[in-house]
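Structure first, then comments.
Only the coordinates and a few stated rules stand behind these numbers; no lab work does. Keep in mind that what you see is a predicted model, and the values were worked out from it rather than measured. When we count neighbours, we look across all protein chains shown, and the Cβ atoms used for this are built from the backbone with ideal geometry, even at glycine.
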Amino acid sequence: MSCSLKAGFPVSVSDETIIKNRPIGYFGVCPSIVNLQFAHSKSREFMGKPIQFSDQKFFSNRNAKASRHIPTHAQASICISRGLRWWEKTLMPNMIEIHSAQELVGSLLNAGDRLVIIDFYSPGCGGCKALHPKICQLAESNPDAIFLKVNYEELKTMCHSLHIHVLPFFRFYRGAEGKLCSFSCTNATIKKFKDALAKYGTERCCLGPAKGLEDSELMALASTGQISRKLQPNFTKGDNEKEESVLKEIILSSKETKMGFKEGNAVLMA
């Protein structure tokens, strides 16, 4: 914020402080001020002679300079605390923001048998913003489920590797079963989300450790350095056919990603 402050205040001058031929501006008064009002001093005599104050004489030699304005500019910054952005509002304790691919993989593997829902969104997506309050309500009514929120703008490379082309987009995971379903829905089609939550939200025991992302997705993330290579699927020596098929899938998916995001890395937002 920029504001202009002009000096405009009365100056009190006594007889003893007036010195002949004093430089203009000594009192710190802006030259644009034309009328100065002198306060009456106790004595109007000096060494027995009367003293006359004349504004015209005082400014008689400043006509050329009086037209120049020298305003005083001051800048004041107002510190306003940043309010919560829409994707940060009304978050429930079981809603977790993901900031890296390594964090996403670890969260899925450490979830055990709990239902995990990944919510892919973008700050500039109108559909994501409209749907956010309802997702928060569903997260509150399903405290046993884990909602992982992924900001597409922050993790574009990871989203490309996971083939996320439409927003808002959701993925459901549970334990050893891995990915249960994936779909895109908006505020108008929220029933799709509720049906998936009712179908996969019931408690059940899954034998074995949590699977998390698919092998091809883990390899794609590891190949671009987004996760540690220790999280890649371990192939046995006799598993060459499986390894070749996975590598082919990664190559084909990377080509599709490059074609789909050729123009400005755009993503379709519902």
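Hey, with R₀ at 30 Å, roughly what FRET efficiency would residue 102 and residue 165 work out to, going by the Cβ-Cβ distance, to 0.05? Don't skip to the answer; put the middle values down first.
Values: r = 23 Å, r/R0 = 0.76.
Efficiency, from the Cβ-Cβ distance: 0.85.
Relative contact order, percent, of the range 79-161 when contacts are C-alpha pairs under 8 Å separated by at least 6 residues?
On the way: 86 pairs, mean separation 37.0, N = 83.
Result for the range 79-161 is 45 percent.
Share of antiparallel DSSP beta bridges in the range 74-204, in percent to the nearest 5? Intermediate values should be presented prior to the final figure.
On the way: 12 of 22 bridges.
Taking every DSSP beta bridge within the range 74-204, about 55 percent pair in antiparallel fashion.
Among the listed pairs 89/192; 134/191; 134/192; 149/179; 129/191; 134/194, give every one whose C-alpha distance is greater than 19 Å. Working shown, then result.
Details: 89/192 23 Å; 134/191 11 Å; 134/192 13 Å; 149/179 16 Å; 129/191 17 Å; 134/194 10 Å.
As for pairs spanning more than 19 Å Cα to Cα, those are 89/192.
Subtract the Cα-Cα distance of residue 89 and residue 192 from 0.36 nm times their separation in residues, and report this length gain in nm to one decimal. Don't jump to the answer; show the numbers that get you there.
Numbers: separation 103, 0.36 × 103 = 37.08 nm, distance 2.33 nm.
Stretched out fully, the residue 89 to residue 192 stretch lengthens by 34.7 nm.
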